[in-house]
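Undergrad: My structure is below; once you've seen it, I'll send some questions.
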Amino acid sequence: MTNGQLHRRPDSPAPQPGSRDTLGSPAGGDHLLFLAEALRTFHDTGALAPSGTELVNALVVPATSRPNRPISVLEVGAGTGVVTRRLAQVLRPGDRLHVVEANPRFAERLREDPVLAARRPGVELRLSVCRVEELPKTGEGTPIQEATTEGPGATPRPERRYDVIVSGLPFTNFGPARVRDILDLYLRLLAPDGELTYFGYLGTTTARTLTSGPRRGARHRAVVRLLRRFEATYGLGERTVWRNLPPARAYLLRSPTPAPAPAAPNR
């Protein structure tokens, strides 16, 4: 992942002078909601503030460096929608964006978001209110501006493949077994040569060891080792974003290309 890849695509809309930042909501509403939910459910939220602009740009690289055809994007753990809004800006007619958010308060914010409502015509945007592990059972969600959503009791549908997955899940808040299941699911959901981005905050291993005791510290280190092995196998690059709060590192990975089928023997 290079700095050059993070430049705005020439045909993507730029914020107008004097307008509010399209990654945020008016009057700091995103930050207030995010903080409230972080204090209420920090294990699933994993941060005290939404991702900053530089981190958002690093996470959406695969959607801006893309083939010249419609693509399908899955965003997991959308929160208040800072990444979702950026994806909605860069996607083109014919593209599909499927958003998965388990927190119903965040999901409601997404359904009411004016930036998402004003996306380009022809960009399909759907929402599933569930954990990503439940996604194969819940189908592809409902249009994001509709009042209804699909949950764990919905009719199962075949798994869909995605060209891009952007994950905002706080992996180091989870146990190793759950992280392994999610990473395996991402590989299953990605199309061949599909790309995945996610991020982690810097310094969390030391902080977790000092503040949570040896047992949680050991669990945290086990998750970090699992992620490093995953990145060593599938990684394309990483970018450190010092200006985020807290500083973070974004990772870019690619799913493997299937091996060609063996040639039929000559008869």
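Undergrad: Order by neighbour count: 106, 174, fewest other Cβ atoms within 10 Å first, most last.
TA: 174, 106
Undergrad: May I pose another question? Using the Kirkwood radius over Cα pairs, work out the Stokes-Einstein diffusion coefficient for region 49-96 at 10 °C and 1.306 mPa s, in µm²/s as a whole number.
TA: 141 µm²/s
Undergrad: Could I ask something else about it? Would region 49-143 count as rounded, prolate or oblate if I go by the C-alpha gyration tensor, calling it rounded below 1.5 in a/c and otherwise prolate when a/b exceeds b/c, oblate otherwise?
TA: rounded
Undergrad: What does the extension gain come out to for residue 133 and residue 238, with contour length at 0.36 nm per residue minus their alpha carbon separation? It would help to have the intermediate numbers written out before the result.
TA: Numbers: separation 105, 0.36 × 105 = 37.80 nm, distance 2.54 nm.
My answer for the length gained is 35.3 nm.
Laboratory data are not the source of any read-out in this text; all were calculated from the coordinates shown. Because the structure is a prediction, the values reported are computed rather than measured. When we count neighbours, we look across all protein chains shown, and the Cβ atoms used for this are built from the backbone with ideal geometry, even at glycine.
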